[in-house]
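The structure appears below as structure tokens.
The values are calculated or read from the model by the stated rules, or taken from the named source; none is laboratory data. Keep in mind the model is a prediction, meaning the values are calculated, not measured. Because the Cβ atoms are built from the backbone with ideal geometry, glycine has one as well, and the counts that use them run over all protein chains shown.
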Amino acid sequence: MIILLNQTMMKFYIFISIIFSTICLSCGSDSNSIDGGDQNSQAQVQSYKKLDGKWSIEKVHDLAVDPTQLDGKQPLIIFNVTEGTFTGNDGCNAFQGKVTFKNDKINFGPVAGTLMACPHMDISVKILNSLSEKELTYALKDDMILYQGDQQVMVLKHME
């Protein structure tokens, strides 16, 4: 009984250590969010400011996101261009990570997040898999559309 309890506790501590390490790694980088050129260029930061702020996730791959399926929670992503970070939620779990910008590309670092089980986990999984450690091309029109190659990955709508 004691051995089983110790094994269970050890697994718990390993799990917590992995989560903590992931969060520390994603927050520990001191690199600038703008890749290339003068690292501290205000002009570069200003050119990406249009991406700053809160964006609702309207579509991920071929799946339209319906907040009514998620207890009314609108999945969203918030970019902080100056800090080089993103945060958000997938309608169930909160997530965060580092991000860099270069030309029409957004480079997402590893995503750290909570691990709650919720209905419609297919949406959560698609959102997180679409962002974690990906280089995506963006196009801005009325919405922001993220592409991987020529495939549309996500449609975001700016929230006022």
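When you check Lys141 against the structure, is it more than 11 Å from the chain's Cα centre (by Cα) and modelled with pLDDT under 95, yes or no?
yes
Could you list, in sequence order, the residues of the stretch 47-63 that are more than 14 Å from the chain's Cα centre (by Cα) and over 17 Å from Val99 (Cβ atoms)?
Of everything in the stretch 47-63, those that are more than 14 Å from the chain's Cα centre (by Cα) and over 17 Å from Val99 (Cβ atoms) turn out to be Glu58, Lys59, His61, Asp62, Leu63.
What is the residue count in the stretch 139-160 for residues that are surrounded by fewer than 16 Cβ atoms within 10 Å (Cβ to Cβ) and not acidic (Asp, Glu)?
11
Of all residues in the stretch 34-77, count the ones that are surrounded by 14 or more Cβ atoms within 10 Å (Cβ to Cβ), among the aliphatic types (A, V, I, L, M) and either modelled with pLDDT under 90 or farther than 17 Å from Asn107 by Cβ (or both).
Number of matching residues: 7.
Which one is farthest from Thr82 (Cα to Cα) among residues in the stretch 121-138 that are surrounded by 15 or more Cβ atoms within 10 Å (Cβ to Cβ) and β-branched (Val, Ile, Thr)?
Let us first name the residues in the stretch 121-138 that are surrounded by 15 or more Cβ atoms within 10 Å (Cβ to Cβ), namely 123-124, 126-128, 130-132, 134, 136-138.
Next, only the ones that are β-branched (Val, Ile, Thr) stay: 123, 127, 137.
Details: Ile123: 29, Ile127: 23, Thr137: 19 Å.
Among those that are surrounded by 15 or more Cβ atoms within 10 Å (Cβ to Cβ) and β-branched (Val, Ile, Thr), it is Ile123.
Within the group Phe95, Phe79, Phe108, which residue is in contact with a Lys or Arg (Cβ under 8 Å, 6 or more places away or on another chain), in contact (Cβ under 8 Å) with a residue 12 or more places away in the chain and within 19 Å of Lys59 (Cβ to Cβ)? Before you say what the answer is, go through the steps one by one.
Numbers: Phe95 fails: in contact with a Lys or Arg (Cβ under 8 Å, 6 or more places away or on another chain); Phe79 fails: in contact with a Lys or Arg (Cβ under 8 Å, 6 or more places away or on another chain).
Matching residue, one of Phe95, Phe79, Phe108: Phe108.
Can you tell me which residue within the stretch 91-120, out of those that are under 9 Å from the mean Cα position of the chain (by Cα) and not in a strand (DSSP E or B), is surrounded by the most Cβ atoms within 10 Å (Cβ to Cβ)?
Applying the filter and picking the extreme gives Val111.
Here's a check for you: in the stretch 110-134, which residue that is closer than 19 Å to Val153 by Cα and in contact with a helix residue (DSSP H, G or I) (Cβ under 6 Å, 6 or more places away or on another chain) is modelled with the lowest pLDDT? Working first, answer last.
Here is the first cut: in the stretch 110-134, the ones closer than 19 Å to Val153 by Cα are 110-111, 120-134.
So of that shortlist, the ones also in contact with a helix residue (DSSP H, G or I) (Cβ under 6 Å, 6 or more places away or on another chain) come out as 110-111, 120.
Numbers: Pro110: 96, Val111: 96, His120: 79.
Top of the filtered list is His120.
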